[in-house]
Amino acid sequence: MQLHFSPSMRSITISSKNGFIDLMKIKVAACHISYRTLFHTILILAFLLPFVFILTALVTLEDCLGRRLGPKLLGRVDDPAQRLVRDFYNILNEVKTREIPSALELPDSFDQLVSDMKSNQYDAKTFAFMLRGMMQKFEREIRESKFSELMNKHFAASSVPKGIHCLSLRLTDEYSSNAHARKQLPPPELLPTLSDNSYHHFIVSTDNILAASVVVTSTVQSSQKPENIVFHVITDKKTYAGMHSWFALNPATPAIVEVRGIHQFDWLTRENVPVLEAVENQNGIRNYYHGNHFAGTNLSDTNPYKFASKLQARSPKYISLLNHLRIYIPELFPNLDKVVFLDDDVVVQRDLSPLWEIDMNGKVNGAVETCRGNDQWVMSKHFRNYFNFSHPLIAEHLDPDECAWAYGMNLFDLRTWRTTNIRETYHTWLKENLRSNLTMWKLGTLPPALIAFKGHVHPIDPSWHMLGLGYQNKTDIESVRKAAVIHFNGQSKPWLQIGFDHLRPFWNKYVNYTNDFVRNCHILDS
């Protein structure tokens, strides 16, 4: 701020540099004002001018910020809409902690809510109670629907599709009426290859004929030397005739395929597998896997993810001898040194012969570890995900942070395996779990295998075995294309209607939809 006195001392000019007060002139009549009065006037003006500047700045900021500062800084009254929102927010906070009146009838829709408000002239608190009640009702209905969906999905995953059942029946009938369907597999001149360790031996254990055909076909078509492949397909007694018919009428040339039923293995007697007899026949166990899955489950204390995990653990396949069969491979194939075991829900996309060149470092089981990923279903599993560590035996013998590994594509060194007590350990822990009424673990074959193979696992590169295609509908397609073996583990199998449509083509490409049996059973490429 600057003061300018005229030469005659009759006027004083006050100017500011900030541009808010450009010029202020005070005319002074020399004959009517004293220097003392002039001095005091100047002091008063110098004191007031900063306040004028501050007030001007506030008004300018208020205009720039949409009058947000006005009510607080300038003492203005709140906007009515803002006051209404604040009052309603206070009512909601009050209603949140109180019980909903039992006499209050909740509308079924928003339109009915509006209609009731108009006709009954509800106050704001009653409206808040109705809003809260409607939200809780809808959340409860959505939750129940989710549990019902999971239950229906479980039943769909546990059932046999009509087309696959038809295929088995028709092929079984063909076995009884067509000599070509009963021809020896493999032909007599190729029988020595079944125990020849210069070949690459694969083992599949399944009662799903269509799934077995995909595993064999994809492996053979992906191999650089298919003539060096021997497949050992093991099935149960009821499926044996149909399975034999399929591979007799649809040979996987130049690969060699044998089909054997469980009943054809002399070693598989009740004396050798007493634990499995108990698993299959004990009423409590059968009720657990085949009974009412809602019984004993408090849906209000669980969430859909945990409930889905429990349902997965109660799949009937976990008490099937075919599913436990892999633990007996060294005894079932006493002349073989090294084999690759494949689940029936895998597709092979790359030549697997390099697996036989892997140095196992004295280990028995070459498997992909499943504790290196971030997804919740498949690749982030440790022992804690499979075992109940509140059980004293589990807590004493196992480490919850130990890395889990995958069944489904495993390289087994049978010569080394025969020098271990893996099978005995497996049986021992199965018995303990049965005695504890399944309180040590719930999921079928993998937990006892995690214990039995402890210290005998050789990790192999994850690119050999990609899991989770039956769990995750957001699986990265590019990763699927690059994997040597893709595994549809989980409920959403590609041969089921609940399979994921964008992943099904990876399986469909190996199904022969021109085959008469496939067409007549209406198994169509979707």
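The values are calculated or read from the model by the stated rules, or taken from the named source; none is laboratory data. For clarity, every value in this text was computed on a predicted model and none was experimentally measured. No Cβ is skipped: glycine too gets one built from the backbone with ideal geometry, and neighbour counts run over all protein chains shown. For the accessible areas, the whole protein counts, side chains as well, though only heavy atoms, and no ligand, DNA or RNA atoms are used. Shrake-Rupley method; radii C 1.70, N 1.55, O 1.52, S 1.80 Å.
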How many residues, within segment 334-344, are open to solvent by 10 Å² or more (accessible area, probe 1.4 Å) and in contact with a helix residue (DSSP H, G or I) (Cβ under 7 Å, 6 or more places away or on another chain)? 4
Please indicate, with yes or no, whether at least one residue in segment 355-366 is in contact with a Leu (Cβ under 6 Å, 6 or more places away or on another chain), of a type in the set (A, V, I, L, M, F, W, C) and assigned to a loop (DSSP other than H, G, I, E, B). no
Complete set of residues in segment 416-432 that are open to solvent by less than 40 Å² (accessible area, probe 1.4 Å), at pLDDT below 95 and more than 21 Å from CYS403 (Cα to Cα): HIS427
Considering segment 160-188, residues that are over 41 Å from the mean Cα position of the chain (by Cα) and of a type in the set (Gly, Ala, Ser), and then whichever is nearest to ALA211 (Cα to Cα), we arrive at ALA181
Being aliphatic (A, V, I, L, M), more than 20 Å from ILE327 (Cβ to Cβ) and at pLDDT 95 or above is the requirement here; does VAL457 meet it? no
Looking only at segment 222-241, and only at residues there that are farther than 23 Å from ASP266 by Cβ and touching a Phe, Trp or Tyr at 6+ places or on another chain (Cβ under 7 Å), the one that is most open to solvent (accessible area, probe 1.4 Å): ASN228
Of all the residues that make up segment 359-378, how many are open to solvent by 40 Å² or more (accessible area, probe 1.4 Å) and either more than 20 Å from THR475 (Cα to Cα) or in contact (Cβ under 8 Å) with a residue 40 or more places away in the chain (or both)? 8
Could you tell me which numbered condition THR206 fails, if it satisfies all but one of (1) in contact with a strand residue (DSSP E or B) (Cβ under 6 Å, 6 or more places away or on another chain); (2) within 17 Å of HIS487 (Cα to Cα)? (1)
Show the residue pairs that are 6+ apart or on different chains and have beta-carbon atoms under 6 Å apart, the first residue being within segment 206-219 and open to solvent by 10 Å² or more (accessible area, probe 1.4 Å), the second being in a helix (DSSP H, G or I). ASP207/THR239
If I ask for residues that are within 20 Å of THR219 (Cα to Cα) and among the aliphatic types (A, V, I, L, M), which ones from segment 330-343 would you list? LEU336, VAL339, VAL340, LEU342
Looking at this structure, is ILE498 among the aliphatic types (A, V, I, L, M) and over 30 Å from ASP359 (Cβ atoms)? yes
Would you pick out the residues in segment 497-526 that are within 14 Å of LEU469 (Cα to Cα), buried (at least 19 other Cβ atoms within 10 Å of the Cβ) and touching a residue at least 60 places away in the same chain (Cβ under 8 Å)? PHE506, TRP507
Number of the condition not met by GLU424 [criteria: (1) over 30 Å from the mean Cα position of the chain (by Cα); (2) touching a residue at least 12 places away in the same chain (Cβ under 8 Å)]: (2)
Is it the case that LYS381 is buried (at least 18 other Cβ atoms within 10 Å of the Cβ), at pLDDT below 95, farther than 21 Å from LEU268 by Cα and not β-branched (Val, Ile, Thr)? yes
Counting only helices (runs of 4 or more DSSP H) wholly inside segment 48-141, the ones holding at least 2 residues that are open to solvent by 90 Å² or more (accessible area, probe 1.4 Å) and modelled with pLDDT under 75 are 70-73, 80-96
Do you know which residues across segment 393-405 are part of a helix (DSSP H, G or I) and of a type in the set (Asp, Glu)? GLU396
